[in-house]
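The values are calculated or read from the model by the stated rules, or taken from the named source; none is laboratory data. These figures come from a predicted structure and were not determined experimentally. Positions of Cβ are generated from backbone atoms using ideal geometry, with glycine treated the same way; all protein chains shown enter the neighbour counts. The accessibility values were calculated without ligands, DNA or RNA, using every heavy atom of the protein model including side chains. Shrake-Rupley method; radii C 1.70, N 1.55, O 1.52, S 1.80 Å.
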Amino acid sequence: MRILVVSDVHSNLEALDAVLADAERGGPIEAIWCAGDIVGYGPDPDAVIGTLRARGVSAVAGNHDLAVCGKMPLDDFNAVAAEAAVWTERHIGDTARDYLATLPLTASPRREVTMVHGSLRSPEWEYLLSAEQAAAQFALQQTPYSIIGHSHLQFWMEERDGQPPRICVADDGAALPLGETRLILNPGSSGQPRDGDPRAGYMLYDDAAAAVTWHRVDYDASVTHRKIVEAGLPPYLGSRLLIGR
Ligand code: ZN
């Protein structure tokens, strides 16, 4: 089964469409998982939610999703993120908002996988980036693999006997076999990459091949940039897409 794994799509329809097309070029996609932050920052919340739901997405809630459906106060958001959340609240349709309100903080889309936006000890907020944080995640992780998002970076972390977990950046095309080693996997961000590469990120989870692979795909971020400016969202949210920061 080829499963498309995305995170932090952030209402960026152009990026999501490019990811779907690119992932399907290699064969049919049989499921889609999303590790949260479907909305926030971008101009197309309804269309992004509609596209993902039409394909039967299995998703968890990110901090932006929770803010938009009224489950999280905006106090801890920075000014630009809060402004975008307020914009999204005003523009999102009832059906899409109701859907966001149904999203769980953690999910197990497959027996061997736990999915959470930030981390298991702080699903909404923790940026899981260090070996110490990875060790804390592995201590709570009941399944061989966990999938996280939130940092908008593509990487994996491996549990090791008697040593700190190993952290590996996943470049475009990186492949990792799925075996005995327990893993934390981050597909990166489709809608707002922050590693200096503006291309949309995603991951493929292939249980037949027993491997995950990371991918990047070009899309026309200038279209999203223009939509952001025309929508009255902070222009910085558009210009950052052009440089992947
Ligand atoms: Zn995010």
Radius 11 Å from Cβ of GLU112, net charge of other residues (Lys, Arg +1; Asp, Glu -1): +2
Tell me, what is the percent relative contact order of segment 127-245, built from C-alpha pairs under 8 Å that lie six or more residues apart? 23
Helical contribution to [θ] at 222 nm, DSSP H n ≥ 4, -39,500 (n - 2.57), averaged over the chain, rounded to 500: -9500 deg cm²/dmol
Charge dipole of segment 129-245 built from unit charges on the beta carbon (Lys, Arg +1; Asp, Glu -1), centred at mean Cα; most positive-end Cα among ILE148, ALA174, GLN163 is ILE148
Roll a 1.4 angstrom probe over the protein heavy atoms and tell me the percent of accessible area of segment 128-203 that is carbon or sulfur. 51
Considering only DSSP beta bridges whose two residues both sit in the chain, what percent are antiparallel, to the nearest 5? 70
Helix 221-231 against the longest principal axis of the chain: what's the angle in degrees, Cα atoms only, rounded to the nearest 10? 40
Would you mind getting the accessible area per residue of segment 3-155, heavy atoms of the protein chains only, 1.4 Å probe, in Å²? 37
What distance in nm lies between label points placed 7 Å from Cα along the C-beta direction at ILE167 and THR95? 4.2
When the solvent-accessible surface of protein heavy atoms is calculated with a 1.4 angstrom probe, in what order do ARG160, ARG53 fall, highest first? ARG53, ARG160
Tell me the net charge near TYR145. Cut-off is 14 Å between Cβ atoms, TYR145 excluded, with +1 for each Lys or Arg and -1 for each Asp or Glu. -3
For the chain, I need the span (max minus min coordinate) of the C-alpha atoms along each principal axis, in Å, sorted largest to smallest. 52, 39, 31
Accessible heavy-atom area order of ASP161, ASP218, highest first, probe of 1.4 Å: ASP161, ASP218
Under the rule rounded for a/c under 1.5, else prolate if a/b exceeds b/c, else oblate, using alpha carbon gyration tensor axes a ≥ b ≥ c, segment 53-146 is classed as oblate
How far is the Cα center of segment 12-34 from the Cα center of segment 149-186, in Å? 22
Could you compute the net charge surrounding GLY62? Neighbours are other residues with a C-beta less than 9 Å from the C-beta of GLY62; K and R count +1, D and E count -1. -4
Let me check something: with ligands and nucleic acids excluded, how do ASP94, ASP172, ASP75 order by accessible area (1.4 Å probe), largest to smallest? ASP75, ASP94, ASP172
Convex hull around the C-alpha positions of segment 187-226: the volume in Å³ per residue is 67
Rg(Cα) / (2.2 N^0.38 Å) computed for segment 103-225, rounded to two decimals: 1.05
